[in-house]
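Participant: Handing you a structure now.
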Amino acid sequence: MEHEMTILIIWLIAFCLIAYFSYQRWNSGVSQGLDKVLPSFLKTHGDNRYLWVITLAVLGATTLVKPVDMLLVVILLGLVGWAVMALVNWAGSKANH
């Protein structure tokens, strides 16, 4: 029980700090940084500040507290994405014939 509370406190502190600094620096680089790495349909263009700040804070705090879990989720999502793309390419090649 004590171990879980410590992790929760660390997560909350990390969440608050990441959210605070992301919010403070939104116009001076965070928004532009997100636009560089996101696909065009997800680009922020400076909008949706609160949504992206909360998203970054949750992902950052969770990665800080449980990095192995996050790595496994990223690997799993990558494999699923690769499989879907392979299936789409295969179906596209069959449709052309």
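Values quoted throughout were computed directly from the atomic coordinates according to the rules given, and no laboratory measurement underlies them. Remember, it's a predicted structure, so these values are computed and weren't measured experimentally. No Cβ is skipped: glycine too gets one built from the backbone with ideal geometry, and neighbour counts run over all protein chains shown.
Participant: Based solely on its DSSP helices, what 222 nm [θ] is calculated for the chain when runs of n ≥ 4 H residues each add -39,500 (n - 2.57) and the sum is averaged over all residues, nearest 500 deg cm²/dmol?
Facilitator: -27000 deg cm²/dmol
Participant: Something else now. Just subtract the alpha-carbon distance of MET1 and ASP47 from 0.36 nm times their residue separation and send over the number in nm, one decimal.
Facilitator: 12.5 nm
Participant: Test of understanding: extend the Cα→C-beta vector of VAL58 to 7 Å, then name every residue of the range 19-38 with backbone N under 15 Å from that spot.
Facilitator: 19
Participant: Please label the shape of the chain as rounded, prolate or oblate, based on the square roots a ≥ b ≥ c of the eigenvalues of the alpha-carbon gyration tensor (a/c under 1.5 means rounded; beyond that, a/b larger than b/c means prolate, else oblate).
Facilitator: Taking the square roots of the gyration eigenvalues as a ≥ b ≥ c, the chain is oblate.
Participant: Mind telling me which of VAL73, VAL53, VAL37 comes out most flexible in a GNM of the chain, alpha-carbon contacts under 10 Å?
Facilitator: Greatest mean-square fluctuation among the candidates belongs to VAL37.
Participant: Of the peptides 75-82, 57-64, how do they stack up when ordered by the mean number of other Cβ atoms within 10 Å, highest first?
Facilitator: Result, highest mean first: 57-64, 75-82.
Participant: Now, a different point. Could you check the spin-label model distance between VAL80 and GLN32? Points 7 Å from the Cα along Cα→Cβ, value in nm.
Facilitator: My value for the distance between the label points is 3.4 nm.
Participant: Round to a whole angstrom and tell me the spacing of the C-alpha centers of the range 1-16 and the range 31-89.
Facilitator: 23
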